[in-house]
Amino acid sequence: MLEVEVKVDVEEPEKVKSKFDILECKFLRKEIQKDIYFTSSFRDFKKTGEVLRVRKLASGKDVVTFKGPRLESRVKAREEIEIGVGSSFKTVKLLERLGYRPWITISARVCCL
């Protein structure tokens, strides 16, 4: 899959919400995401522009994601491979046994449309 991402600052969220309403976008849910990003001594993701992440969702549907380097584009675009996992805890342990180590953890509240 190819992920294309655009981020913008929103000064008036209600105006954006009304535009989504006009386009008949449906609000699905709010969720809390906890992302654990990895690095290793044998692969410097910072240098390669790649990402290896385990995402823990409040819903219990945890995922491990690999994102390739950014493609040349006016928007942020890159290859993305995402696999559902039964346990983020066990996935982190597996990655650690393979030589990856947690680098940074980020928690966020997001709205899904």
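The values are calculated or read from the model by the stated rules, or taken from the named source; none is laboratory data. Only a predicted model underlies this, so the values are computations on that prediction, with no experimental measurement involved. Cβ: placed from backbone, ideal geometry, glycine included. Neighbour counts: every protein chain shown.
The set of residues from the range 17-65 being farther than 22 Å from F89 by Cβ, of a type in the set (D, E, K, R) and modelled with pLDDT of 85 or more comprises R43, D44, K46, K47, E50.
Filter the range 31-48 for residues that are surrounded by 13 or more Cβ atoms within 10 Å (Cβ to Cβ) and part of a loop (DSSP other than H, G, I, E, B) and give the result. R43, the sole residue that qualifies. Name the single residue that is surrounded by the fewest Cβ atoms within 10 Å (Cβ to Cβ) among those in the range 72-97 being hydrophobic (A, V, I, L, M, F, W, C) and without any contact (Cβ under 8 Å) to a residue 24 or more places away in the chain. Once the filter is applied, the top-ranked residue is I83. From the list F66, F38, the one residue that fits, being touching a strand residue (DSSP E or B) at 6+ places or on another chain (Cβ under 9 Å), free of Cβ contacts under 8 Å to residues at least 40 places away in the same chain and of a type in the set (F, W, Y), is F66.
If the condition is being more than 18 Å from I32 (Cα to Cα), part of a strand (DSSP E or B) and among the hydroxyl-bearing types (S, T, Y), then the range 78-113 contributes only Y100.
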